[in-house]
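The values are calculated or read from the model by the stated rules, or taken from the named source; none is laboratory data. If you're wondering where the values come from, they're calculated on a predicted model, not measured in any experiment. Cβ placement follows ideal geometry from the backbone for every residue including glycine, while neighbour counts extend to all protein chains displayed.
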Amino acid sequence: MWFTRWRRSLVAIDTIGQPATEGVKPMLTKTTAHLIAEAKGRIETLAPAAVAAELDGGDVLLVDLREAEELAQHGSISGAIHAPRGMLEFSADPTSAYHRPEFDPGRRTILFCASGGRSALAADVLRLLGYTRVAHLDGGLTAWREAGLTVERKERAGRQTSEGGRGMGS
């Protein structure tokens, strides 16, 4: 009995919905892989060694976009500020109530995440916000670690420890 009522309600929904969608063509959709590939075509992508060289050479804002849980579990690159991807636009926009003074559209800004997808999308968004010197770390923290570069871990007592091979500039 319940099945018959349920089936009738589905038929009624289908009947009601058909005229509303008649003649409407389905939207073309893209995957996140498509969006990331398109973003990478519009932004500057840096290898870990290039990011390390820039960090050694000057005034660079290095931004870790990962979630707090990722940061706590996997550590971060020395000198990076934490600005989660979900708040980046607000942190970077000087007109936003959530603007952070570290962000400056004219300052060299390098973004990273775990593997490079979020940072590619984020760099593209900052470009749209007028950031002219923005780039992202290709392969993210994973590539940084695989290149033998140092990752800092925050311990519960507030101490920092380093792991990895050579330092940033080596």
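Values computed for the structure shown
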item: Long-range neighbours under 6 Å by Cβ, at least six apart or interchain, first residue over 14 Å from SER119 (Cβ atoms) within region 87-100, second of a type in the set (Lys, Arg); result: SER91/ARG100
item: For SER162: the one exception among (1) surrounded by fewer than 21 Cβ atoms within 10 Å (Cβ to Cβ); (2) within 19 Å of VAL51 (Cα to Cα); (3) at pLDDT 95 or above; result: (3)
item: Residue count, region 57-67 (criterion: modelled with pLDDT of 95 or more and not in a loop (DSSP other than H, G, I, E, B)); result: 5
item: Number of the exception - ARG42 against (1) over 30 Å from ARG133 (Cβ atoms); (2) at pLDDT 70 or above; result: (1)
